[in-house]
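The values are calculated or read from the model by the stated rules, or taken from the named source; none is laboratory data. Predicted model only: the values in this text are computed from it and were never measured. Neighbour counts run over all protein chains shown; Cβ positions are idealised from the backbone, glycine included. These area figures cover heavy atoms from the full protein model, side chains too; ligands, DNA and RNA do not enter into them. Shrake-Rupley method; radii C 1.70, N 1.55, O 1.52, S 1.80 Å.
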Protein chains: 6
Amino acid sequence: MAVVHITRRERFSAAHRLSRPDWSPEKNLEVFGKCSNPNWHGHNYEVWVTVAGAPSAETGFVIDLSELGKIMREQVIDLVDHKNIDLDVAFMKGRYSSTENLAIAIWEQLEERITAAGGKLVKVKLQETENNFVEYHGE
Amino acid sequence: MAVVHITRRERFSAAHRLSRPDWSPEKNLEVFGKCSNPNWHGHNYEVWVTVAGAPSAETGFVIDLSELGKIMREQVIDLVDHKNIDLDVAFMKGRYSSTENLAIAIWEQLEERITAAGGKLVKVKLQETENNFVEYHGE
Amino acid sequence: MAVVHITRRERFSAAHRLSRPDWSPEKNLEVFGKCSNPNWHGHNYEVWVTVAGAPSAETGFVIDLSELGKIMREQVIDLVDHKNIDLDVAFMKGRYSSTENLAIAIWEQLEERITAAGGKLVKVKLQETENNFVEYHGE
Amino acid sequence: MAVVHITRRERFSAAHRLSRPDWSPEKNLEVFGKCSNPNWHGHNYEVWVTVAGAPSAETGFVIDLSELGKIMREQVIDLVDHKNIDLDVAFMKGRYSSTENLAIAIWEQLEERITAAGGKLVKVKLQETENNFVEYHGE
Amino acid sequence: MAVVHITRRERFSAAHRLSRPDWSPEKNLEVFGKCSNPNWHGHNYEVWVTVAGAPSAETGFVIDLSELGKIMREQVIDLVDHKNIDLDVAFMKGRYSSTENLAIAIWEQLEERITAAGGKLVKVKLQETENNFVEYHGE
Amino acid sequence: MAVVHITRRERFSAAHRLSRPDWSPEKNLEVFGKCSNPNWHGHNYEVWVTVAGAPSAETGFVIDLSELGKIMREQVIDLVDHKNIDLDVAFMKGRYSSTENLAIAIWEQLEERITAAGGKLVKVKLQETENNFVEYHGE
């Protein structure tokens, strides 16, 4: 049976910084550069979520995109959009807000709900600027 | 020998709807939402076709892109561009025009001709809107 | 007092055709080319609406973007998204659905509500494909 | 003599919020919505600066783009990139950080230096998200 | 009668350099920087041509886009695509190939044919990289 | 331990042609089409480099993006930007400048330095125009 990957994009705008509280400002600046600015900076993030499966004989869908969008908004976008990733987002507590760590956390937020909806989560892509993005495949 | 993937994009604009004739309008609306509008809607689709192979020692090409473009236009674009996918497209007869099913059908339209041209088709990506796309790898 | 132009984008996907009922199919094909396909085709349209004004001393806004978005959705997007422009859209009755005519009609749909919200509509830009768009300035 | 407009883009990522200190949190939320989040949010901003003039007979340039880029970086980008617009940016002191106000302030930062370089500043375009931007023409 | 602006994009890829034969290599390098490389460099250019007019009562068109595309290809694209702007392009003879000068020359190539087709050319926009473009309005 | 892929983009503008010195102009034209123009043509290229690894417990980074950018600029961009790929670029000596061959050569330029920086190079994507790109995975 043919397996198709389907991908949906959602977006959010958030503030964050890269800064370890156990490091001095000088050390943070040295390692994280301008990303360590104590007063925060921010980005327009794009999240691309990919689900694999065989298209349903009944509908032609791998997963209903409006259902996938709902899961993404409830589990991720509503919790991070127009928020401070380091201060306001429960699922990022205890993690430095690198794009890498954020992508892993988004995967964890999504996997159970997508599985429950009959899909198989295979990739989270998180774009931070037009020049960089990360991808996480769940392992 | 190094294997490179080369990808070419073509575009088409088409009408379609998601609607099963054996379902009531209410059931179609419930399952397919606004995509079930009886009078059709439409999209600008983008098709990205990826071919794998070792670059030729003679030309540096995996496949001649103008040949790949010609195959894509003759086998796909000329048949769907400015058409109604559900009424006008022979290779979609008997399939619901979900993006998933359309990507599989496009693969089937392309594989033989690309193989005959010395390439190995490895992916069809079909983008329906800026927020969603599907990918099919042929199995 | 400084005047700033602010622009908001919304998107819709719709079917249409270019075809005059008083012309033969041959004449329609000759003038409108593949756009005259009797079974329709479609596009992902992007609408960019520009409003001019002095930023409010109270809020810094020319117009509240969420209000502008609401007007655009209620007056345009909800009426054309996933519709057939020629069959389903009351505000296009009696007009050929060229991008030019559609932009003018969108202007007429928006002007009164935007004026009532305290803004001055100065441009409607309507993009039909990545290669063409029209702009209408209201006169 | 022919007048040509030349435009250069630079980008920055910054945090901000829309919030008046003399208003209650409830009032700020009512007027500014999720943009009023006390812990900030942020964006990837794009700044497009347009300069008009006759191309030099000696070089064919309206203005040297590397000089224009240098002015934009020194007068704007270096001061706002990876900063908090409301806390860190001297040229925004006393102004609510709406996109409108920020565009006006960027104009004021640029005009003198561009005039000194022999150009005529005619537009600042500031894009906050893919769905909204503002333009300021200096009056 | 309503006036609408319609814009069509075409693309070309070309080589060029910025270098005056009456200047020393050192002087060329000082003024034109890396653009003066004697062995050329190149770009993917995008040309956006805007035509103004009242939509025809007969067709809804300001100008037939396929006719506009044909004019653009015959007068510009076919002459510069996969060419060296400084060596191969007759309409650029005697002009330094700055983006500014190229936009003016493209206007001159287009104006007569567009007027003959019943349109009024109002803008040529020429994009050289994602970070810079020029616009020429014909005077 | 979670493995994340991180990708960074850099850009360059260069001239090249596809032409074998041991073939006649006619043969070159037949095989390489307009890409064989003796006076060169050019492109804006985009290079996307993907590195895989487990995010560092200390920083959350797979690899420091500013370090990755530095490697890309020193090993690739500074050597090809505003150059002629066939005449000026030592690492392309003896190879036809097809996009495929250029991607392989870029991989070879990057791999050692990225490994030394603690990363694992997994993909080079090279985009030549908006309609075509190649990807190389190192084998």
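Before moving on, here are some points about what is shown:
- The set of residues in region B:97-107 that are in contact (Cβ under 8 Å) with a residue 60 or more places away in the chain and in contact with a Lys or Arg (Cβ under 7 Å, 6 or more places away or on another chain) is empty.
- The test for being assigned to a helix (DSSP H, G or I) and either under 17 Å from F:ASP64 (Cβ atoms) or more than 14 Å from chain D (Cβ to nearest Cβ) (or both) does not hold for A:GLU58.
- Scanning region B:85-139 for residues that are of a type in the set (S, T, N, Q) and outside any loop (DSSP other than H, G, I, E, B) yields B:THR99, B:ASN101, B:GLN109, B:THR115, B:GLN127, B:THR129, B:ASN132.
- Reported count of residues in region F:9-33, each being more than 22 Å from the chain's Cα centre (by Cα) and open to solvent by 20 Å² or more (accessible area, probe 1.4 Å), is 11.
- Residue check, A:SER97 in contact with a His (Cβ under 6 Å, 6 or more places away or on another chain), facing another protein chain (nearest Cβ under 9 Å) and of a type in the set (Ser, Thr, Tyr): yes
- Those residues of region E:90-111 which are at negative phi and surrounded by fewer than 17 Cβ atoms within 10 Å (Cβ to Cβ), in sequence order: E:ALA90, E:PHE91, E:LYS93, E:GLU108, E:GLU111
- Any hit, region B:77-85, residues being closer than 22 Å to B:ARG20 by Cα, over 10 Å from the mean Cα position of the chain (by Cα) and open to solvent by 50 Å² or more (accessible area, probe 1.4 Å): yes
- Count - residues of region E:112-121 that are crowded, with 17+ Cβ neighbours inside 10 Å and either without any contact (Cβ under 8 Å) to a residue 12 or more places away in the chain or under 15 Å from the mean Cα position of the chain (by Cα) (or both): 3
- Among the residues making up region D:69-84, a single one is closer than 20 Å to D:VAL134 by Cβ and out of contact with any Phe, Trp or Tyr (no Cβ under 9 Å at 6 or more places or on another chain): D:MET72.
- Test: residue in region F:55-69 that is open to solvent by less than 30 Å² (accessible area, probe 1.4 Å) and under 30 Å from F:PHE32 (Cα atoms): no
- Verdict on B:SER66 being among the hydroxyl-bearing types (Ser, Thr, Tyr), more than 27 Å from F:GLY138 (Cβ to Cβ) and outside any strand (DSSP E or B): yes
- Number of positions in region D:3-55 that are modelled with pLDDT under 95 and either within 14 Å of chain A (Cβ to nearest Cβ) or more than 21 Å from D:ARG95 (Cβ to Cβ) (or both): 0
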